[in-house]
Structure formats: structure tokens, C-alpha cells
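**Q** I'd like to ask some things about the structure below.
We did not get these values from a lab; they are worked out from the coordinates using the rules stated. These numbers come from a predicted model, not from an experiment. FYI the Cβ positions are ideal-geometry reconstructions off the backbone, even for glycines, and counts take in every protein chain you see.
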Amino acid sequence: MKFLRVLHERTSIKTKGILYMMLMISLIYFSVSLVVLSTARKNMALQLRQFHYSIAEKLADTASDAMISRDYGALLEQVMQLKQTSHVKSVKAVDRRRIIVLSDNLREIGRKDPGIFSRLRDAARATRDNAWDDSRVLLPVSAGGDVLGAIQVDFDKDISPNKEFRKTRIELVYLSFLIFAAGIGGSFIVSSVLAKPMVRLVREAEAFEKEITFGEASLYDHSARDESVQLRQAFHQVIENLRKYLREFKKMSEESEKLTCMATVGQMSAQIAHEMRNSLYAIRGAAAEIGKANNQPEINEYIDIIKDESLEMMIMADEYLRFSRIPSPMPRLCHLSEIVDKVAELLETDLEEAGVSVKIVRPPRMPQVMCDPALLKQVFMNLFINAIQAMKEGGMITVKYELSGDWLKVHVMDTGPGVPEKIASSIFQPFFTTKNEGSGLGLATVYKIMLTHHGDIRLIGSARGAHFELKFPLPGDMKPLNHKSPGLEKEN
């Protein structure tokens, strides 16, 4: 068994395909040939038997006339012709007295053959049982229903069906060469077609392995010639390497996450320290000036500075706390359009002062999503405020809803200057801001809130303005909100 397995692995699919195909063709060919030869032999034997029987019948008819007329010359002449032109070996005819009246051996004429009628009965019985002798035919000679005698015709035993269908055997041999040639060519083509994708996959796997390992890769045992074995070994090796790489990647990701957290904490600490130091310098200066002040109004002025700086420090601390401690969402089924409408209503005064209008495009049926309305109000509030601050000379904010598979997409677009491509990948990072006054936590907070809702937010490149796409997963049981008219547009 081990030897057969090794032989199987070390034989290519092309070779095995040819061998298996030739074995199958050989079995089919020999089976068909045996059936054809057996059928041909039976048919030729039957034809030969019928031919002999027809000759004997003609001789019996001629013998009947000869026995009536007592003239056997014509019969003897016919016998001599048959011996020269056909398979007839000898002919013997007897009358009712069992006396031989005709024979190709003249010395037998006039002698008695008492056993010919018994042989005639045996031949008739053999004919009924399909066991007759092909080399001898015995028939009664009769006229008007009366039996005048019997005739025995012996044929050459060397004339057999084997010689007659020798041509058939030769044709089958020629046909076998054609079948085997076509079988070898066809099996080679089919095996090549089947093996080609496997070889290509193995080569691609090797190229990929070399690319990621920067060296020579051996994914399979090169002594194995079977392409399916090569592919299986290469597949298992690639899977094993991927497991190893994933373990390393997981380890590196954990280390990277630790470093990222430390960097974020350090950046946050530096930002807080910077902001608090500025405020503390102002508070210290104001406190020092209070001691030098000579009148109450001047003292009150420095007290107001201390209050303002303290309030700014409190606001900054609250903002950092909100970012670091975003509460877990309390989701429920709600319509995003209602949240967006509420945000637009709350910012109505800011929108009017900035000369910004809001355009909302809704689908005919608005499905509900599982979300925390309070947190999502903060999301859309941040996006709207950023858009208002970006459009200093007025413009438009467009909110468009889109159903895409199992997601509800919300597009928030403005007509402002947009986000430069070089900083597009950094806008969701904490503390990144392009404003002179700002903590850089607005979009970072939006990103974290979207993650807590199992959604996503990304910036889409556009020719004009900023274009944000928010994705919310749809629940299994959607409850659409029907509007008065499809594609309703609302402007504030």
C-alpha cells in the first residue's frame, strides 16, 4: 500500500490520466471486440450452414427427378461441378432399398448403406435441437409426398467461420490502433487542461510566498509529480505560514496598540498641560496684579480674568472627559431623519446668521435603525457646525439618505472649500485640527460614536466641498417611515 501511495504521488496527472484512459479504453475495446467477434462467428456459421443446406436441397430435388427417371447422369454432372466450385467434398444418394444409386466414388454405386436412414433420423433430431454438424447434411429425397430415398452431402471441414471472418479481425486490429491513438491524444489534452489550473495555482502560491518571505520558497515536495498533491501540500503550507504570520501580526498589533495608547495619552497630556499652562499663567498674572491694585474696579477686572480662565479650563476638562468617556449607547428603534431635523432646528439661528441653507433628500420609504438619539444628535451637530464654520460666505448643507443592501447610508455634503487631500486621512485622529481655536476632538468623537453603533463614517473625495458618508446597519425587522411624497426635499 505504501508503495502504491508513493507511486501515485510521484506520477503526474498527465501520465495517470493517459494510463487510466488507456486502461478504460482497452477494457471497453476488448469487451466490444469479444461481442463483435462472437456475433460475427455465429452469423457466419449460420450463413455457412444455410448455404450448405441450400446446396443439399437442390441436389435432393435433382435426385428426386433422377430416381424417377432412372437417369443419374445429370445429377452426377451437377455433383462434379459442385465439387469444383463450392465446398462439397462428397455426395451419396440411396433409394428406398438402401442401395447407393449415386456417389462421387463410383466403386460405391450398387452397394447397400443400411445406416443412412438412421443417420437421417439423427440429423433431423439434431436440427431440432440446434446441434447439427456443419460438415454433413442429410435430406430425404421425396416426390409427391412419397420418400424415394435419401441424400448425404459432405462438405470440407477445413472451411470454418474463423477463416471467413479473418477480415473482420484484421479490421478490428486496425480500428484498435486508431482508438488507442485517439485515446492517448484525448487523454493527454484532457489531463493537461485539468492539471494546468493546479500548476498555475501552485506557481502563484510560490510567487506569493517568495514575495512575502523575500527569498526562496518551497511549498511542496518536488519529488511529488502529481499536480493535485503539489497543490494540496502548497495549500497546507500557505495556511500554516498564514497562521504563523497572523500570530506575529497579532503580537505586533498588541504592541502597536500599546504604543498608540501611550502616544495618545502622551499627546493628550501634552495638549492638556499646554492649555492649562496658558490659563494658569493668566490666572497667576491676574492674582499678582490684584495685590498691586489700588481701587476696586481694577481688582474686579483681574477677578473677571481669573473667572474666565477658570471657566475655560473647566470647559476644556469637560471636553476631554467626554472624549475619553463616551457613554455606552442605549439603542432603540428610531428614524435618523427625525434626529437630523431636530439638529437643523436647534441650529436654525446659526444657519441664518451664516447664510447657510439645509437641503434634505429622503427616499420614498425611510427604514428605522437601532441607535442612541442623544449620541447621534452629537454626531450630526458636529458635522453641521463644522460645515457652517467652513462656509464663511454662506452656502448649502445637503443631507441625502440612501438604502444599500443591509445598510442605510447618510450623505452629509456642504459647498465649502472642502478638505485638502493631504490631510484627509488625519481628520478623524484625536487633537488634529486646522482651526486656530479648537481641541481637535470633534470628528474623533464622531468616529468613536459611529463605532459604538457598529457603523462607519468616511470622507469621500468630491470636486466641491466636504462629503461625509455615514453607514448604519439595518435591523432585521425594518419599519419604514412613509413621507407625504417620494424624494421630498426640505430647505431651511
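**Q** Sorting K112, K422, K92 on the 10 Å Cβ count, fewest up front, what's the list? Each step should come with its number before you reach the end.
**A** Values: K112 12, K422 7, K92 21.
Result, fewest neighbours first: K422, K112, K92.
**Q** Within a 10 angstrom radius of the beta carbon, how do V356, V153 rank from fewest other beta carbons to most? Please list the in-between numbers first.
**A** Working: V356 23, V153 26.
So the ranking, lowest neighbour count to highest, is V356, V153.
**Q** So for each of 200-206, 365-371 I average, over its residues, the number of other beta carbons within 10 Å; can you give me the resulting order with the highest mean first?
**A** Details: 200-206: 15.4, 365-371: 19.4.
So the peptides 200-206, 365-371, ranked by packing, come out 365-371, 200-206.
**Q** Using the number of other C-beta atoms within 10 angstrom as an exposure proxy, rank M413, M276, M314 with the fewest first. All intermediate terms of the calculation are to be shown ahead of the outcome.
**A** Working: M413 21, M276 16, M314 11.
Ascending number of Cβ neighbours within 10 Å: M314, M276, M413.
**Q** Now for a separate question. With respect to the cross-link table entries K400/K448; K244/K471; K42/K92; K89/K112; K422/K448, which display a Cα-Cα separation exceeding 30 Å? Intermediate values should be presented prior to the final figure.
**A** On the way: K400/K448 22 Å; K244/K471 34 Å; K42/K92 28 Å; K89/K112 21 Å; K422/K448 22 Å.
As for pairs spanning more than 30 Å Cα to Cα, those are K244/K471.
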